[in-house]
Structure formats: structure tokens, C-alpha cells
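Chemist: My questions all concern the structure below.
The values are calculated or read from the model by the stated rules, or taken from the named source; none is laboratory data. In this text the structure is predicted, and so the values were computed from the model without any measurement. All Cβ positions, glycine included, derive from the backbone under ideal geometry; neighbour counts span all protein chains shown.
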Amino acid sequence: MMRFTAEDLLSALLEAEPRPTVQAPRDARGIYGLVDHDGDLRYIGSTSSTDQTFYERIHRRHRTGSEGMSHYFSQMYNTGRMWRDRMDPTTKADGDLAKSLRNSFVVDHCRAVWLPLPDTLDIARLEAEVLSLAPDHAIAWNRRKMQSYDEPVDLVEATLRRLGWGARELAAIERQRLRFLSAMIGPTGGPITRPVEAPAPMPTAIRQARVTPFPKGPFRFFALDVETANNDRGSICQIGVACVRPDNSIETWMTYIDPQVDHWVFTYLHGISARTVQGAPTFAEVLPILHEGLQDGTVYQHSGFDRSAITAACGHGGMPVPKWVWRDSVHVARAAWPELRGNGGHGLASLKQHLGLVFEHHDAGEDARAAAEVVLRAEGVQPVAAQGMMQVSGHPNSDAEGFDLIEDFEVIAPAVHEVAAEPMPSIQTPLQDVSRHIGIVEITQGNIDNNHIYLRSFFEKFPADAIGGSNRASAAQREIAVDWGGDTVVMTDLDGAKRFFRKRSWIREFFERNGAKAGESLTVEQTGPYSYRVSMSRGAQ
């Protein structure tokens, strides 16, 4: 029998198997969570009264309610072809179709979890206590802490195929997509409440004559931070690098990047918009400068996001991923200040308060400098391996406890600085595909029904720091990149108890795309450090 403590309720929510919203109980109340199209818990709430059941709150209100109110599925997927401005009567017919598409999308691709509780309990109080304990990622939607998603195009297309809409309906939602794009680039940043048949043209950018020169060394180590325009990790709009000299002084380099995207989601967070980056260089123009400056140095990131963003941006441009020696300043901070675990954590915001750091969060240059200061402060608490001497592999300190060096097992493609005397490859240059076979999985009907891939027979071949606990609250700090043949690479850690990929929403589409059947096999390959590929291996023995 479940104990009704906030800790137990939160654990149960995080471990519950997400289910379709239509299955929400019609005769029970309590605490629930909303799960996005990637399979991540994003919102925690409760039924507001004894007259409101899980079904009423989740399936009817959150899914079909008006965007802009406390109806979070409606709000978070008010995007692209599913967008409408409910206050604009002139676009009501098109908007109603967009909303209908959104309702169906949520049915198809989103999920929920719920915990029935006796009406005699103070559910509102328990909800508040659960929210106070919940990890940030599990309540990212609460109180509008997260902007609406980019349109998940492939999933929307799947829903449209199921609905079987004709030319009239498809034209209507395409008009809504164009209105949405216009709203995103409107002069005030707010929605445009008049019919718009095409996005307003953006001013022609004036290309910079050159990228800001990188500081001259020598340097002990670097810290790098990026900001992105939207949920695509490759949409880098700002890069900052903190360069630490032998005397521990820090020189910061920063540049804006034109990500060449139409959709800006995170302007509210970092203040960078399409107007900010007019005339800024592209990532392809900045990468050679970065690589020349960072070659042979150790590059810190605060968590794994920055490295994955650089990798994604390189992938978008068809450029080889630089082979920098990456380290994670979060791991350094954990070793230096273990008392913060469970007490604010080791994010930059928490460390800012704990260490008295002075910087503006969500500015790439400022955050990079803060990460460098964290490493310098940690060196004063306990020894940190000498960064300037480190090589990718073979160094005697490379296996030192807590060193967190990303091991280099194979060369994927030549690093930019290794061909510095030659021109940068054009975007048409194919990447060298050097991979290592990890294992083969026989697909079961249970895998297909429950959208998971068991990795048990070769689980030990994955990096230990990418393996977490049995629920999302105990997720590993480092993620791996999984290329499954879709439009985007999945970033996920691994569930150490169940021994499968923690994020699983992509697996359903992987099986569908490949027509997978029970008894067939799939192959897992390692394509680089913390990078993997999953593909069907029909006929493999």
C-alpha cells in the first residue's frame, strides 16, 4: 500500500509507466503528471476539487482547453500547424482546425501518469510538497517555465495520416503555420492578430567581414558555453569561451552566431533574437577560429549540453566534429562541494549563490567565465589534474578518480586542427563513418508493445557515467547521442535497473519506420565517444 508522503508520491510519479490521456480514470482524483512527446515528465498537478476526475482534468482540460490558460498540453503544442490565436475571430475557421489537429496529436503522441488518492487527504498540500521536491525537468511546464515546442513535424505528419484530412483542411493548417511564423518574427514579439498569408520577410543580413579574433595563449584550460535559439541543439546563437592563463587570470571571448532559423523559442531566457544576430557569422564561419584557439587544450562544459550542441551544429553543416578534450565542471563541483547534492545541486545558479560568483546567467560569455571560476575554486578545495598536460588518451592521469576525461576510442573524422594547413571541407564533404559494433538485440513483441529496447547482453559496454538509476529523478548527468535514422538525434541516459534507453518515445517511430516484427534483430554500434547508432539488422545471425 502506498504511503502518502511527498517523497513517496514523487517517486511513484517518476517511476510510473506513462499511459494515453484517454485512459485517465473517470472516477478517481489525486496527483498526476503530463508527459511530452519525447516521453519526459514535464508537469505535475492535482485535481482541483472532488468534482473533477483525472479524465476531466487531463484528457479534457489540459488537452482540449484553451491555450494561454492552465491547460498545458494546449499551451505547449500551440505551435506550427497546430497554432491558433484564439482571440482573432478572422482566423477562427483555420484556427479551429489547427486546434483539432493539436487535440489529436496529444492523443497520439503524449501521455500522462496519475496517482489516485483518497478524497479525505489534503491533496493540494501534498501537491505543493511534491512540487517543492521535484527535479526541474519534471516541472518544466509548471508556471510557464518553458516555452512552446517547435513543431514535431514527423509526429504531426503521422497524426495527419491517421486523420486522413483532405486538401481543404491541409491548406487551412498550412495557413496557420505561416501565421505562426509571422507571429514569431513580429516587430513586438507578440502574436499578429490579422490574417497573414506568408511570413514577413526578414531584413537581409550584412555579413561580418571577420570573426572576432580569439585571444592568444598560452592557456591552462578553457570553459565553453552556448545559447540556442530553439529546442534544436544545433541552433547555436551565441558562443562564449573563457580562457584561463597560467596565472589563473581569465580572458573571455564571445561571439553571436546566426543560426539561420525562423523559430526563436528561448529569446525570453537569454534576450537574443533574430534581430540580435543580424550580420553575425554562421557557425561554419566561427568553427575554424574556435578550433585553432582550442586545439590541444582541455575544454570544460557545465553539464553535457554544450558538447552535444557543437556536435549537432557540425552535423547540420556537414562538418567534422572537433576532437577537443572535454571535461565536465559539474563533476568537478560535485567532488569539491558534495554538500550541495540534494541541497540546491551543482548547477551554475546554485554555485553562484554558494560560491558568491558574480555573473549574468544565460549569457554564453558570462556562463563560460563562471564555469572556469568553478574549476579554479575547486582547485583550491582539492587537487584537479593538470589540464595543460592532458592528452586524449594514454596520459598517466587519465584514469585518476574523478577526472572525468572523455576517452577517445576511435577517430570518427579528421579534426579541424589536424588539417589546419588545408581549407575547411565544404558542407558536401561526407563524414568518414568509422564505427564499432556493440551488440545485437532480438526484438520481442513486448519491445514493440512497450517501446523499449533491452540492452542487457552488452550493457557493460556503455560508459558508466551515462547510466542512471531506475527513475528520472536519478538520471545520469551525462547523456549519450542515439542516431536512429530519424530527423533528430536523441539525447538520453540509460536506465541501469531496466537496462534500456531511458527516453523511449522515438522507439515507437523507429519500429514503425522499419516495419519491425518480433523475432527480427537490430544492431547497436558506437560511432564516437558517447555516440551510438541503432539500425535494423535483418538477416543478421
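Chemist: Of everything in the range 39-59, what is crowded, with 21+ Cβ neighbours inside 10 Å and within 20 Å of F105 (Cβ to Cβ)? Give them in sequence order.
Modeler: The answer is G39, L41, R42, Y43, R57, I58, H59.
Chemist: Tell me which residues, restricted to the range 456-490, are part of a strand (DSSP E or B), touching a helix residue (DSSP H, G or I) at 6+ places or on another chain (Cβ under 6 Å) and under 21 Å from A312 (Cβ atoms).
Modeler: I480, V490
Residues checked against (1) β-branched (V, I, T); (2) over 16 Å from E56 (Cβ atoms); (3) out of contact with any Gly (no Cβ under 7 Å at 6 or more places or on another chain); (4) in contact (Cβ under 8 Å) with a residue 60 or more places away in the chain:
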{"site": "L9", "(1), (2), (3), (4)": "no, yes, yes, yes"}
{"site": "E17", "(1), (2), (3), (4)": "no, yes, yes, yes"}
{"site": "T21", "(1), (2), (3), (4)": "yes, no, yes, yes"}
{"site": "A24", "(1), (2), (3), (4)": "no, no, yes, yes"}
{"site": "D27", "(1), (2), (3), (4)": "no, no, yes, no"}
{"site": "G30", "(1), (2), (3), (4)": "no, no, yes, yes"}
{"site": "V35", "(1), (2), (3), (4)": "yes, yes, yes, yes"}
{"site": "G39", "(1), (2), (3), (4)": "no, yes, yes, yes"}
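Chemist: Find the helices (runs of 4 or more DSSP H) located wholly in the range 221-331 whose residues include 3 or more that are over 20 Å from E366 (Cα atoms), touching a residue at least 40 places away in the same chain (Cβ under 8 Å) and within 22 Å of the chain's Cα centre (by Cα), and list them.
Modeler: In the range 221-331, the matching helices (runs of 4 or more DSSP H) lie at 305-317.
Chemist: While we're here: Given the criterion at pLDDT below 90, closer than 11 Å to F462 by Cα and either part of a loop (DSSP other than H, G, I, E, B) or not assigned by TED's automatic domain parsing to the domain that holds D108 (or both), identify the matching residue among Q541, Q526.
Modeler: Q526
Chemist: Between I58, I31, which is in a strand (DSSP E or B) and of a type outside the set (F, W, Y)?
Modeler: I31
Chemist: Would it be correct to say that R57 is out of contact with any strand residue (DSSP E or B) (no Cβ under 6 Å at 6 or more places or on another chain), basic (K, R) and within 27 Å of L13 (Cα to Cα)?
Modeler: So R57 passes the test.
Rundown of residues vs (1) within 23 Å of T64 (Cβ to Cβ); (2) of a type outside the set (S, T, N, Q); (3) buried (at least 18 other Cβ atoms within 10 Å of the Cβ), yes/no style:
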position: H109; (1), (2), (3): yes, yes, yes
position: D122; (1), (2), (3): no, yes, no
position: E127; (1), (2), (3): yes, yes, yes
position: S148; (1), (2), (3): yes, no, yes
position: E151; (1), (2), (3): yes, yes, yes
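Chemist: Restricting attention to the range 487-500, does a residue exist that is modelled with pLDDT of 90 or more, in contact with a Ser or Thr (Cβ under 8 Å, 6 or more places away or on another chain) and crowded, with 20+ Cβ neighbours inside 10 Å?
Modeler: No - not one qualifying residue is present in the range 487-500.
Chemist: Here's something else I'd like to know. Please determine, by comparing only the residues of the range 2-38 that are within 11 Å of L126 (Cβ to Cβ) and in contact with a strand residue (DSSP E or B) (Cβ under 7 Å, 6 or more places away or on another chain), which one is surrounded by the most Cβ atoms within 10 Å (Cβ to Cβ).
Modeler: Only one residue fits best here, namely I31.
Chemist: Then there's this: Collect the residues in the range 257-293 that are modelled with pLDDT under 85 and among the aromatic types (F, W, Y), keeping them in residue-number order.
Modeler: Residues satisfying the conditions are F266, Y268.
Chemist: Just checking, does the range 60-68 include any residue being modelled with pLDDT under 90 and either among the acidic types (D, E) or over 27 Å from G164 (Cα atoms) (or both)?
Modeler: Yes, the range 60-68 contains a residue that is modelled with pLDDT under 90 and either among the acidic types (D, E) or over 27 Å from G164 (Cα atoms) (or both).
Chemist: Could you list, in sequence order, all residues of the range 332-344 that are surrounded by 16 or more Cβ atoms within 10 Å (Cβ to Cβ) and either in a loop (DSSP other than H, G, I, E, B) or under 19 Å from the mean Cα position of the chain (by Cα) (or both)?
Modeler: Within the range 332-344, W337 is the sole residue that qualifies.
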